[in-house]
1. Could you tell me, in Å, what Rg and Dmax come out for the Cα atoms of the stretch 132-195?
2. Could you please rank 67, 336, placing first whichever residue has the fewest other Cβ atoms within 10 Å of its Cβ?
3. Considering Cα pairs under 8 angstrom that are at least six residues apart, work out the relative contact order of the chain and quote it in whole percent.
4. Find, to one decimal place in angstroms, the Kirkwood hydrodynamic radius of the stretch 1-67, where the mean of 1/r is taken over every pair of different Cα atoms and then inverted.
5. Per 0.36 nm of contour for each residue apart, how much would the distance between residue 95 and residue 260 grow if the chain were fully extended, relative to their Cα-Cα spacing?
6. What's the FRET efficiency of residue 366 with residue 329 using the Cβ-Cβ distance as r and R₀ = 35 Å, to the nearest 0.05?
7. What number, rounded to the nearest 500 deg cm²/dmol, is the helix-based mean residue ellipticity at 222 nm of the chain, given -39500 (n - 2.57) per DSSP H run of at least four residues and division by all its residues?
8. At each listed q (0.09 Å⁻¹), what is the log10 of I(q)/I(0) that the Debye formula gives for the stretch 43-195 modelled as equal alpha-carbon point scatterers?
């Protein structure tokens, strides 16, 4: 896309891309790309859907449990008007999650983690008790960490590692992939950023090979293998792909896990696909969402990631307004959600929090250099 994109619109594009992507992908979550094509051709609209066989037919545009996790993070940041830690987020969980949330919106493990949060154990210990250390539970929806750290990639990764421990054990590769999400968003918000710049920042800051030495003194840099090497292989594999059908053929050779709980929902698969998609569509938010949704498997999470990264990069201009209006309408009807704020209200709240944080930093610099 040409033209200058304001930072405020990057915030809005990120949240809009995430929520629209999740809502469009949710009805076909777990489907193969072949099943989607046989049923819809190319899916390009918001549909009503039911999840978990709980009898709740959700309004078209209704987001799912991943966006609920993101809303809690947004609330924590907006209320603090600054970066947040695990204890800040835990307090919002305990306060804002509603009684019917576990039955209607959450995955079973979410309810377990909430019970642990209410027990009073340290927030960073909660993820130790997760049964699913590799899932995209947090990595798929931690975009607000990149926004409150806009332009500051290293701090975004630091915060992602801290907050992801509410969901997974600290050494899990899902925590490390959360750093990739936060890095991508923080990098994309830089003035004039391109997807190549974003990828370069991920390569620079998410090579965790030194981190393992600090943790346990190991000489084998397995942390790098799980992130940079896998992402690099995916980007090379899809370098010539022109549409989602070609992406599907390329990814089918690598990502085909099934038959185990959440076999399609691992963080490495979701992030690799999302970044390859954003590169292919050159940051166009609408095209990123459509490509991700029609790839199938964990369609809602991949679309949330691709749409959010693309939105942080190019803003909201390429995303049709009627999608946003329908998601806002469905949110207003969702009595189980922790927040019924519109996409605009959530994005503007984050933008204002970033401005306040920046003012604090600038005041400190002025004081110290006076």
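1. According to the Cα coordinates of the stretch 132-195, Rg and Dmax are 11.2, 38 Å.
2. On the way: 67 28, 336 17.
So the residues, fewest neighbours to most, are 336, 67.
3. Details: 710 pairs, mean separation 114.9, N = 370.
In percent, rounded to a whole number, it is 31.
4. Values: mean 1/r = 0.0732 Å⁻¹.
Roughly 13.7 Å, rounded to one decimal.
5. Values: separation 165, 0.36 × 165 = 59.40 nm, distance 3.30 nm.
Net length gain for the segment: 56.1 nm.
6. On the way: r = 45 Å, r/R0 = 1.29.
That pair, residue 366 with residue 329, gives E of 0.20.
7. Details: 18 runs with 221 residues, N = 370.
Helices in the chain give a 222 nm mean residue ellipticity of -18500 deg cm²/dmol.
8. -0.29
Read the figures in this text as sums done on the coordinates, not as results from a lab. Model, not experiment: these values are computed from the prediction. Don't worry about glycine lacking a Cβ; one is built from the backbone with ideal geometry, like all the others, and counts go over all protein chains shown.
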